[in-house]
Structures are given as structure tokens and as C-alpha cells.
1. Determine the distance separating the Cα centre of the stretch 104-141 from the Cα centre of the stretch 157-184; give it in Å without decimals.
2. Using all alpha carbons of the stretch 108-357, what is the percent of pairwise distances in each 10 Å bin, ordered from the shortest bin to the longest?
3. Tally the DSSP beta bridges in the chain and give the antiparallel ones as a percent, rounded to 5.
4. Measuring from label point to label point, each 7 Å out along Cα→Cβ, what is the residue 202 to residue 289 span in nm?
5. Take the alpha-carbon positions of the chain, form their convex hull, and give its projected area averaged over all directions (one quarter of the hull surface) in nm².
6. Full extension from residue 454 to residue 466: what is 0.36 nm times the residue separation minus their Cα-Cα distance, to one decimal in nm?
7. Could you work out how far apart the two model spin labels at residue 391 and residue 21 are, taking each label as a point 7 Å from the Cα in the direction of the beta carbon, and quote it in nm?
8. For an R0 of 35 angstrom, estimate the FRET efficiency from the Cβ-Cβ distance between residue 380 and residue 57 and round to the nearest 0.05.
């Protein structure tokens, strides 16, 4: 008797066969056939990739086909197309600054002023009293200086752009000295050496991976040196027999060698009066302390620990900032009116002593006990639904986006499961649902972390599970 074939690839349906089914043909009223075909190819290609990676076997393919995963995935893509590309998501993954989910959600007042800026004309590059033209980020620069203690500030569209502008201004056609141990790579294969090359500067590695001293910079300095750069290694940590150059020592070297010095914080953070200190993030540099170190330029992000819209913020000495502003590249990187409005309101919250109302800080400051009530309510609701099970477990959330890689925030989370679906299937169905829920898969379990929930998100998760019950 011939043994049944178990090659999982052979179990995948043909696109034409799926398209010819009555239930799929009926979808052509909502979506063009060409787009339906594209969606099907995309879904099946994903299954093939999972098979090739050893993540999906014959039994898994059969389970997906019999469970209606193909149809559900197809319908989910059609619904996303109908709603538009950007879809609101409930972040139950426990990663506060989740790059894939848009990083920092902004304060309601920030969202309100951004909406107003988008819907109307506004005072952007003109003085309302004199009628004369001015810089679009004049007030934003003033707010940054008040918070950081810097002489001047300028803003571009993200921190990567800030670094490119910095390198282009001070080291194009010249050399940039940076510690070998600080040549970071962030998400999307964005490597500091590659950025330097594109900015037109020659990278000179100084010191060793684990130890770099001021003397290493002195030895490397030459007539072609244009910039001394320190990069905060936000997404990894070198421990053991280590030594790094402090920002104040780099600043002193800059004065001694007559070379511009700069500190790229990556994330960066402010601590202000009436706000709770983010003690768990002790390794993440404060912007004010970086400025006080004496370096000429400091760069950091808006949409990370600051909890603002995406932006690259640059503060420092007035002469250095003036040179950045004169670089023609600045015009290509400058902010739009909507982001400027949102950044201004966020910085005002810090100056008004209301920083702890910013969603990112709210999430980071939650204690484990603060997460318990939401977790227990979710357990009660989900565990009572037909086919589902849920229990309370202790785990840990993370800041995310390369901030504080060794920091874990104790939390109570929900371990949820279904009688008939695998963990991956349950996660996929939650993502495809309305509301869309992103959970965390860990140790072959689906976890829902209340730390990253916004107002009404708990009820949204319950609604999402009810829709699947």
C-alpha cells in the first residue's frame, strides 16, 4: 500500500483553485480580482517561507486549511485594504516603545494640537505681531533650550537624520573619530559606519571594542579630523574588562584639539520637577547631563523615551547649531507643521510638571501591582469564554526601541490559549481581528501584557476574544 505523501509543500492549494471557489469569488464584489490574487500569493508565500524555516509541517498546513486560516487571512487583508493602510492596534505585547507598532503614543492634548495643525493654517514661518518671516522651529528651539540647558536647538525628522546632518556639516570630506566599541547597528540594518559613508565622512575607529581612552583619540587626531563622536550603545551592553571615554572627557579633548565634539544619545530623556524619576532606566543618558558635559552637539529622539512624535532633536552650542541650520541638507530634513505642533505641546507638558501624564512614562512607571487588576479582569473574562483558557502569571515587560536593553519591568500578564488552535493561530486571529490585538509569544505561550494598554484597551481585548469565541 502506497504511503500518503507528507511533503507540506504539496498540501498548499493552487491560487487558481482557491479563486474559483464560490466563497472566494463572492469577495470580488469587495476587492478586484488582481488584488485578491496578490493577497493569496502573499499568504501562501508566507506559508512556504514558514515551511522552509521548519516552522510549519504537514500537520500544521492541514490544520490551517481545515481551520479556515486561509480564508480568514484573505478576509483580513481585504478589510485592511478597505479601511486604509494604517490600522489602530491594541499593544498587548508588553513592549512600551514597539517600533513595529509606531513607538510612543502621544498625550491626548498633543494629539489634539496635531489634529488642529493638520486641519488649518497656522503661524509657522511668520511672526504674528511683526508680520516678518522667521524660523519655523523658533519656539520649539526655545523650549528645548529651557529643558536641556543648551544655548540653541534645531529639529529634523528623526535621530538618524540628526546624525547625518551632524556628520555632513562638520566632517564631510574629512574624518570622524569614534570608539570601536560604539559602532552600533540599530533596527533595519542601520549601521553607524554605513551612515558615515553616506554622509561623506571617513570613519576612523579609535581604541578597542571593550576599552577606549582619551589618549586613543589624541593619537588618531590629524589635520583631516573634523569630528569627535560619542555614540550611546542603547541596544547592547559590553560588560567585564571595559573602559569608555566619558562625554566630559570628549568635550575637553574637543577644546584641546580644536575639533567639534558630539554625543549621539539615540533615545535621550528628560527628568523634570514634579515627575517621577525613571530609575529603572539609569543607563539611559539625560539630555541635560549630556549638554552639561560640554560637548558641542547632542542628538536624541522624539518618539522614544521622550514620548513625543517622531523627530530628531539637536541641542548644543549656538555656533554649532547655526552651522547645522545653514547646511542645505537641513531643508530636506526639517519638520512639518503637524510634528512641530506636537513636539511643542509635549515639551510644554514637561515644563508644566505634567510629564508623568505622557503615555510612555505612564507605562514605564507602572508597578507590577498596577498591572494586576487589568490582568485579573482579562483572565476572568477570557477564561469564561467557550474554548478559551486563561491564567495569571508573573513575567516582565521591556522599554523597547533599543532603549535600556538590560531593563525588565516586572508585570502580571495573562497566559491565554484555545482548545483547538495553536499559539500561532490564536495570535494570527487576534491580529486579523477588529480590534486588532498584538500579543507576545513566549515559550510556546500567548501572553497579554497589561502594561502597554491604553484607556479602553482592556475592553477591546475582551471584545476581540468574544469575536473569536
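1. 29
2. 7, 32, 35, 19, 6, 1, 0
3. On the way: 31 of 54 bridges.
Among the beta bridges of the chain, antiparallel pairing accounts for roughly 55 percent.
4. A separation of 3.6 nm, rounded to one decimal place.
5. Values: hull surface 114.1 nm².
Averaging across all directions leaves 28.5 nm² for the Cα convex hull.
6. Working: separation 12, 0.36 × 12 = 4.32 nm, distance 1.95 nm.
So the chain would gain 2.4 nm between residue 454 and residue 466.
7. In this crude spin-label approximation the distance works out to 3.6 nm.
8. Working: r = 36 Å, r/R0 = 1.02.
Working from the Cβ atoms, E equals 0.45.
Bear in mind that the values in this text are calculations on the coordinates, not laboratory data. Quick caveat, the model's predicted, so the values are computed rather than measured. FYI the Cβ positions are ideal-geometry reconstructions off the backbone, even for glycines, and counts take in every protein chain you see.
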